[in-house]
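The values are calculated or read from the model by the stated rules, or taken from the named source; none is laboratory data. Fair warning: this is a prediction, and the values are worked out from it, not measured in the lab. Ligands, DNA and RNA are excluded from the accessible area calculation, which covers all protein heavy atoms including side chains. Shrake-Rupley method; radii C 1.70, N 1.55, O 1.52, S 1.80 Å.
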Amino acid sequence: MSNLLTEQKWVGEFFLPGSHDSRFSGELQYTPEEGIVLSYLISHDAHMESSEVLHGILSSGEKCTLIGNFDPSKSGLSLNNDLATRPGQAWFQFLIHGAFIPTKGQITNLDFSLTNLQDFFLPQLCKKPCQILTYSRLYFKHSFWEY
């Protein structure tokens, strides 16, 4: 994701870590207002547990990891053409593109660059010529992960 201020969508198959054979389809959507939302459709006879981590393979072939509360027991029930499915939605705190993050362990540091950060924090200053700010190391801590 290169721009956190625009809406983005991805389609893919999602599964609990280590349970690739029990995958299900879904559409992942990011909006600045709603955050990260997965709309999914699970086969009625599939048995899924709740999880704090969900892995996915997007239609582009890219791996992803969703971190948040995934509870399929809160999904609905749909009967259509003698087929039973369980549609639902789940909200996540983090989306990590390009990797399956393990459920155990700890990430000790995260290194990335944010260019033109002043456009976000001080847009009024950017109407005048200004120096580009770049921050190369950010550390933060969350109750589930430490970065």
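Name the shape class, rounded, prolate or oblate, that the alpha-carbon gyration tensor gives for segment 34-82, where a ≥ b ≥ c are the square roots of its eigenvalues, rounded holds for a/c under 1.5, and otherwise prolate holds if a/b is larger than b/c and oblate otherwise.
Cα axes put segment 34-82 in the prolate bin.
If you take the alpha carbon radius of gyration of segment 6-47 and divide it by 2.2 N^0.38 Å, what ratio comes out, to two decimals?
On the way: Rg = 12.0 Å, N = 42, 2.2 N^0.38 = 9.1 Å.
Normalised Cα radius of gyration, segment 6-47: 1.32.
Note on surface exposure: 94, 15 rank 94, 15 by accessible area, highest first, 1.4 Å probe.
Over segment 11-103, with a single point scatterer placed on each C-alpha, what log10 of the ratio I(q)/I(0) does the Debye formula yield at q = 0.21, 0.23 1/Å? Results for segment 11-103 at q = 0.21, 0.23 Å⁻¹ read -1.03, -1.22. Near the amide H of residue 11, within less than 5 Å, lie the amide hydrogens of 28, 59, all on another chain or at least 5 residues away, with H placed in the peptide plane. Amide H contacts for residue 48 (H built 1.01 Å from N in the peptide plane; partners 5 or more residues away or on another chain; cut-off under 5 Å): none found.
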